[in-house]
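Throughout, read-outs are computed from the coordinates displayed, never taken from laboratory work. Nothing here was measured: the structure is a model prediction, and the numbers come from that model. We place every Cβ from the backbone using ideal geometry, glycine too, and count neighbours over all the protein chains shown.
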Amino acid sequence: MISDLKRRFPHEPEYIQAVEEVVTSIEEAYNEHPEFERYNLIERLCIPDRIYTFRVSWVDDKGNVRNNMGYRIQHNNAIGPYKGGVRFHSSVNLSILKFLAFEQTFKNSLTTLAMGGAKGGSDFSPRGKSDMEVMRFCQAFMTELWRHIGPDTDVPAGDIGVGGREVGYMYGMYKKMALEFTGTFTGKGLEFGGSKIRPEATGYGNVYFLLEMLKTRGLDLWGKRVAISGSGNVATYTAEKLLELGAKVVSMSDSDGSIYVPEGITREQLDYIFKLKNIYRGRIREFAEEYGCQYFEGERPWHHAVCDIAMPSATQNEIDGDDARALIANGCIAVSEGANMPSTPEAIREFQAAHILYAPGKAANAGGVSVSGLEMAQNSQKLNWSSEEVDRKLKEIMTDIHNQCVKYGKESDGYINYVRGANVAGFMKVAKAMMAQGVL
Ligand code: NDP
Ligand code: 2IT
């Protein structure tokens, strides 16, 4: 199957990487169900239901006409409406969005909520663009996408380069085109249907998942040194929850470089990063200039930041085999992924061979889409739940996902293989739903 996919999609390495990881780890469980093979289920689950590709033309501040590509991958809707984020970044292409939509399908299955898998985006980068340019781009993107989505069809949200600002502009245009006010986007502003705790959910959820993993070894977070990559939505709220629970955040980064603060950043310094990223749209280097800490230009945190725990929260393939070996050599005991597929296959092999705690993104970062699911539920009911209620549900979901990983991932020597656990648990639910619904 993999060699066939490689032949059919030769220029899609990230997509093949994600599929290969899942297919290899579920093989045993799959083979216990000969009916799956008769229905060629695995191939139908790996190839997206449909893909929309379109040109997005918009006018920049100087009056130049600019063209970007726009995409939406509707991967699988066996267990609920298509659901997944939108990424705006210069690196976006079909391979990256197909890997993300594929992963999303398994992740959403794990959340216990009724959501299928999707992902969309554009090679437009908001970095360096004015607010008006971002708005015009979002509007142009939606004039095409709006006809393919809907509250029970496909519900987009944020991802890299798409935060509250971009969701607001896209949702506004959707509302105008569709002439309806429904829950067709999640991550909306609190004034217009957004859920409390949605901005925090991915980061907080990852910390809740990490706590569950640490518990299996009788450990907690107090005083632990944590290296985080990225300084966007996921990274900053991960840091916030870690500080609240008494851990030390020793590193953060962006695509230009990383900071190292061995004594751990303070709450006041984290507030500065929130402002730097969301209001001034500045660089992490400016943090180092403001506070006089070490800054490593062009480097990720993994080699220089001595840490007990790593929480990669920037992008795919940001920890390679060398990075993994450096982390382990420096005493790292746990890796919990905020980003999607941040560890290369070689890095994962290193973590598992060293028997450290290792949680793949589709389990550890599922808190974001879980609260998106809760936002959809609130929109359907036309009600708003309190922060406490959403946070409590988020904790319950993350604990449930952890339990599913243990159930399907515990090996004979007691080591929990979270990769296998998450993949088998996520796969089984979607597979059974697909079998029941016939060949579509
Ligand atoms: P943001 O755009 O808010 O932040 C992304 C951060 O990662 C920025 O600091 C950015 O730096 C850095 N980054 C992005 N691309 C690269 C790159 N190629 N190399 C190095 N650094 C990079 O995005 P999010 O925080 O929302 O997303 C981060 C990760 O979490 C992604 O993998 C996303 O798929 C995943 N995720 C997000 C969820 C969400 O709800 N938002 C839910 C689940 C997973 P710079 O500013 O320099 O670009
Ligand atoms: O990767 C992800 O899970 C997200 N970007 C969030 C998706 C969502 O629909 O909330």
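All but one of (1) part of a loop (DSSP other than H, G, I, E, B); (2) within 16 Å of ligand 1 (Cβ to nearest atom) hold for Leu394; which doesn't?
(1)
Just to be sure before I move on: is Ala310 closer than 21 Å to Lys248 by Cβ, of a type in the set (A, V, I, L, M, F, W, C) and without any contact (Cβ under 8 Å) to a residue 24 or more places away in the chain in the structure I sent?
Considered against the rule, which asks whether it is closer than 21 Å to Lys248 by Cβ, of a type in the set (A, V, I, L, M, F, W, C) and without any contact (Cβ under 8 Å) to a residue 24 or more places away in the chain, Ala310 comes out as no.
Just checking, how many residues over the stretch 336-363 are touching a residue at least 40 places away in the same chain (Cβ under 8 Å), crowded, with 24+ Cβ neighbours inside 10 Å and among the polar types (S, T, N, Q)?
The number of residues fulfilling the criteria is 2.
Going through Gly183, Gly223, Gly168, Gly194 one at a time, which residue ends up being under 19 Å from the mean Cα position of the chain (by Cα) and either under 30 Å from Tyr260 (Cβ atoms) or not hydrophobic (A, V, I, L, M, F, W, C) (or both)?
Residue meeting the stated conditions: Gly194.
Under the condition of being among the aromatic types (Phe, Trp, Tyr) and over 12 Å from Ile273 (Cβ atoms), which residue from the stretch 205-259 is surrounded by the most Cβ atoms within 10 Å (Cβ to Cβ)?
Phe209
Please list, ordered by first then second residue, the pairs with beta carbon atoms under 6 Å, 6 or more apart or interchain, first in the stretch 153-166 and within 19 Å of Met341 (Cα to Cα), second near ligand 2 (Cβ under 10 Å from one of its atoms) and assigned to a loop (DSSP other than H, G, I, E, B).
Every condition considered, the pairs that remain are Ala157/Thr186; Ala157/Gly187; Gly158/Gly187.
For the stretch 71-98, which residues satisfy the criterion of being among the hydroxyl-bearing types (Ser, Thr, Tyr) and more than 16 Å from Met142 (Cβ to Cβ)?
Tyr82, Ser90, Ser91, Ser95
Taking the residues in the stretch 243-273 that are free of Cβ contacts under 8 Å to residues at least 24 places away in the same chain and over 19 Å from Val207 (Cβ atoms) as candidates, determine which candidate is nearest to ligand 2 (Cβ to nearest atom).
The qualifying residue nearest to ligand 2 (Cβ to nearest atom) is Tyr272.
Residues that are under 18 Å from His148 (Cα atoms): which helices (runs of 4 or more DSSP H) entirely in the stretch 1-116 hold 3 or more of them?
Where helices (runs of 4 or more DSSP H) fall fully within the stretch 1-116 and carry at least 3 residues being under 18 Å from His148 (Cα atoms), they are 94-110.
Tell me which residues, restricted to the stretch 381-413, are under 27 Å from Glu20 (Cβ atoms) and free of Cβ contacts under 8 Å to residues at least 60 places away in the same chain.
Asn403, Cys405, Lys407, Gly409, Lys410, Glu411, Ser412, Asp413
Of the conditions (1) away from ligand 2 (no atom under 16 Å from the Cβ); (2) surrounded by fewer than 18 Cβ atoms within 10 Å (Cβ to Cβ), Ser380 satisfies every one except a single condition; which number is it?
Failed condition: (1).
Being under 22 Å from the mean Cα position of the chain (by Cα) and outside any loop (DSSP other than H, G, I, E, B) is the filter here, so list the residues in the stretch 117-133 that pass it.
Correct list: Gly117, Ala118, Lys119, Gly120, Gly121, Ser122.
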